[in-house]
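Chemist: If you scroll down you'll find the structure; I have some questions about it.
The values are calculated or read from the model by the stated rules, or taken from the named source; none is laboratory data. Since the model is a prediction, treat every value here as computed from it, not as a measurement. Positions of Cβ are backbone-derived with ideal geometry, glycine not excepted, and every protein chain shown enters the neighbour counts. Please note that ligands, DNA and RNA were not included when accessible areas were found on the heavy atoms of the full protein model with its side chains. Shrake-Rupley method; radii C 1.70, N 1.55, O 1.52, S 1.80 Å.
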Amino acid sequence: MVLSKRMGAECLGTFWLVLGGCGSALLAVHTGGAGNAAGLGLLGVSLAFGLALLTGICAFGPISGGHFNPAVTLGLWAGGRFDARDVLPYWLAQVVGGLLAGGLLAYFVDLPQPLAWLTGSGGPQQALSPMQAGAFASNGYGTWSPDGYPMGTAFLCEALMTAMFVIVIMGATHWSAPAAMAPVSIGLTLTLIHIVSIPITNTSVNPARSTGVALFAGSAAVQQLWLFWLAPLTGALGGGLLYRWLEER
């Protein structure tokens with residue numbers, strides 16, 4: 001498959017992941033008002049991310065491999081499963097997809113002054129629900145962590161969760177594994193990751209997901225965005241190298 005079409009699939013898949021996952025946090029956590037039993041809650045948002053990834057892999061995986069995540073792309077390269085020359089094009093497509101989803105969600109929720117931080121005004125700084133670190137489903141640590149976890153804990157959590165995510169992906173897509181189970185295994189892994197880590201960082205493990213909403217959330221989210229690139233990429237590199245060592249004969 002030509003690179004342009006694979007990039008298009010990665011862009012659309014990342015768009016779907018951010019729209020489905022972050023959209024559930026923004027639009028459906030408190031359906032009918034805070035405290036309403038119809039709201040999704042932590043488990044519902046976690047499942048939404050997993051379902052968005054599962055369905056995205058089924059739709060676009062045959063075209064691009066279904067990464068939808070710069071950390072996954074790096075991890076697969078480290079694991080010997082992906083060509084180095086395609087890493088940066090995939091990253092570009094994934095970030096664009098995340099930003100498109102973030103922009104659409106900003107329109108859906110009528111976000112006040114999106115991108116206002118570019119002019120120095122800071123943008124919205126209030127949480128839209130208790131499920132979100134900061135505004136607009138962004139990721140954060142310290143005062144922007146849902147439960148106030150510090151930077152070191154947030155970094156360790158994001159790196160470890162991403163490493164395990166890459167390991168599961170490499171195992172689920174191994175030549176000896178049942179191919180039909182790969183999207184299910186990978187989607188459920190992302191669900192589990194969210195259940196564990198939403199209270200700590202609001203769960204990134206995906207720099208494109210973090211970037212896609214942080215640029216609309218305000219200056220605080222943008223200032224902390226570096227961690228949600230560095231930690232997932234570090235974890236993915238370690239996970240890819242570890243699995244590559246494990247499968248060596």
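Chemist: Scan (1) in contact with a Pro (Cβ under 8 Å, 6 or more places away or on another chain); (2) part of a helix (DSSP H, G or I) for the single condition residue 171 breaks and write down its number.
Modeler: If we test residue 171 against (1) in contact with a Pro (Cβ under 8 Å, 6 or more places away or on another chain); (2) part of a helix (DSSP H, G or I), just (1) comes out false.
Chemist: A follow-up question, please. Can you go through 141, 149 and tell me which one is without any contact (Cβ under 8 Å) to a residue 60 or more places away in the chain and more than 18 Å from residue 65 (Cα to Cα)?
Modeler: On the way: 141 fails: without any contact (Cβ under 8 Å) to a residue 60 or more places away in the chain.
After ruling out the rest, the residue left standing is 149.
Chemist: Among the residues of segment 158-179, which ones are touching a Leu at 6+ places or on another chain (Cβ under 8 Å) and either more than 30 Å from residue 224 (Cβ to Cβ) or of a type in the set (Phe, Trp, Tyr) (or both)?
Modeler: Once the filter is applied, which keeps residues that are touching a Leu at 6+ places or on another chain (Cβ under 8 Å) and either more than 30 Å from residue 224 (Cβ to Cβ) or of a type in the set (Phe, Trp, Tyr) (or both), segment 158-179 yields only 165.
Chemist: Oh, and also: Need a quick list: helices (runs of 4 or more DSSP H) entirely within segment 188-249 having at least 1 residues that are aromatic (Phe, Trp, Tyr) and within 10 Å of the chain's Cα centre (by Cα). Outline the logic, then answer.
Modeler: Details: elements: 207-217, 219-223, 227-247.
It comes to 227-247.
Chemist: Another question, then. Among the numbered criteria (1) in a helix (DSSP H, G or I); (2) modelled with pLDDT of 95 or more; (3) open to solvent by less than 10 Å² (accessible area, probe 1.4 Å), which single criterion is violated by residue 68?
Modeler: Tallying (1) in a helix (DSSP H, G or I); (2) modelled with pLDDT of 95 or more; (3) open to solvent by less than 10 Å² (accessible area, probe 1.4 Å), residue 68 fails exactly one: (1).
Chemist: Going through segment 165-187 one residue at a time, which ones are under 14 Å from the mean Cα position of the chain (by Cα) and under 20 Å from residue 91 (Cα atoms)? Write out each step before concluding.
Modeler: So in segment 165-187, the residues under 14 Å from the mean Cα position of the chain (by Cα) come out as 165-166, 186-187.
Once the filter is applied, which keeps residues that are under 14 Å from the mean Cα position of the chain (by Cα) and under 20 Å from residue 91 (Cα atoms), segment 165-187 yields 165, 166, 186.
Chemist: Inspect all residues belonging to segment 228-241 and state whether any of them is of a type in the set (A, V, I, L, M), open to solvent by 20 Å² or more (accessible area, probe 1.4 Å) and either out of contact with any Gly (no Cβ under 9 Å at 6 or more places or on another chain) or within 18 Å of residue 22 (Cβ to Cβ) (or both). Spell out the reasoning first.
Modeler: Within segment 228-241, the first condition is being of a type in the set (A, V, I, L, M), and the residues that meet it are 230-231, 233, 236-237, 241.
Of the ones still in play, those that are also open to solvent by 20 Å² or more (accessible area, probe 1.4 Å) are 230, 233, 237, 241.
Filter again for either out of contact with any Gly (no Cβ under 9 Å at 6 or more places or on another chain) or within 18 Å of residue 22 (Cβ to Cβ) (or both), leaving 230.
Yes, segment 228-241 contains a residue that is of a type in the set (A, V, I, L, M), open to solvent by 20 Å² or more (accessible area, probe 1.4 Å) and either out of contact with any Gly (no Cβ under 9 Å at 6 or more places or on another chain) or within 18 Å of residue 22 (Cβ to Cβ) (or both).
Chemist: Please enumerate the residues belonging to segment 71-85 that are buried (at least 17 other Cβ atoms within 10 Å of the Cβ) and in a helix (DSSP H, G or I).
Modeler: Matches in segment 71-85: 71, 72, 73, 74, 75, 76, 77, 78.
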